[in-house]
């Protein structure tokens, strides 16, 4: 029976809380653009539906932080601003860019969550099952994004790399700080 290092579990919960909150902020930025500068009611509905999943995920990790007395990342305010900015900015570039933002983030999260799933032992079965479920939701969001027009061609390949690099950096920092 594999047991987890409590510090490792603390890092997992801290970074996952920050990531799910970041996803909410990205969607809030996208919805702000869709409520002001960009008119696309279908896209707005799609984003609102995906945001609901992220709120469930974030609430779970928020409760785990409280229950386990874990300090959230000190950089939440910065991640909030960056999330809103990337969400708003990607959406004013158009639907393809907005959907690429979702796809790029979810591709990073797929690997991130799978890595955690592979490391979590039997002493954290409930946490592991939640992360498995949340990963499935994120993969569904990625599929929606590609079905809605996400593209990595031309300029979009640069945007993909920027978003993925930022997401990976935020993960590494939020695990520790």
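Based on other C-beta atoms within 10 Å, arrange 151, 167 from fewest to most. Don't skip to the answer; put the middle values down first.
Details: 151 17, 167 21.
Placing the least packed residue first, the sequence is 151, 167.
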Candidates [x] 0.93; [y] 0.98; [z] 1.04; which is the computed Rg/Rh (Cα atoms, Kirkwood Rh)?
[y]
What angle, in degrees between 0 and 90 and rounded to the nearest 10, separates the Cα long axis of helix 95-119 from the longest principal axis of the Cα atoms of the chain?
10 degrees
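Using helices alone, I'd like the mean residue ellipticity at 222 nm for the chain: each DSSP H run of four-plus residues gives -39500 (n - 2.57), total over residue count, nearest 500.
-29000 deg cm²/dmol
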Virtual spin-label span in nm between residue 140 and residue 157, 7 Å along Cα→Cβ
3.3 nm
Which value in nm describes the separation of the simple spin-label points at residue 81 and residue 165, placed 7 Å from the Cα toward the beta carbon?
2.1 nm
Quick one: go through region 55-96 and flag any residue whose amide nitrogen is under 19 Å from the point 7 Å out along the Cα-to-Cβ line of residue 147.
95-96
Would you mind ranking 171, 117 so that the residue whose beta carbon has the fewest other beta carbons within 10 Å leads the list?
117, 171
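Since every read-out is calculated from the coordinates, none of them should be taken as a lab result. Just so you know, these numbers come straight off a predicted model, no measurement behind them. Using ideal geometry, Cβ is built from the backbone for each residue, glycine included, and neighbour counts are taken over all protein chains shown.
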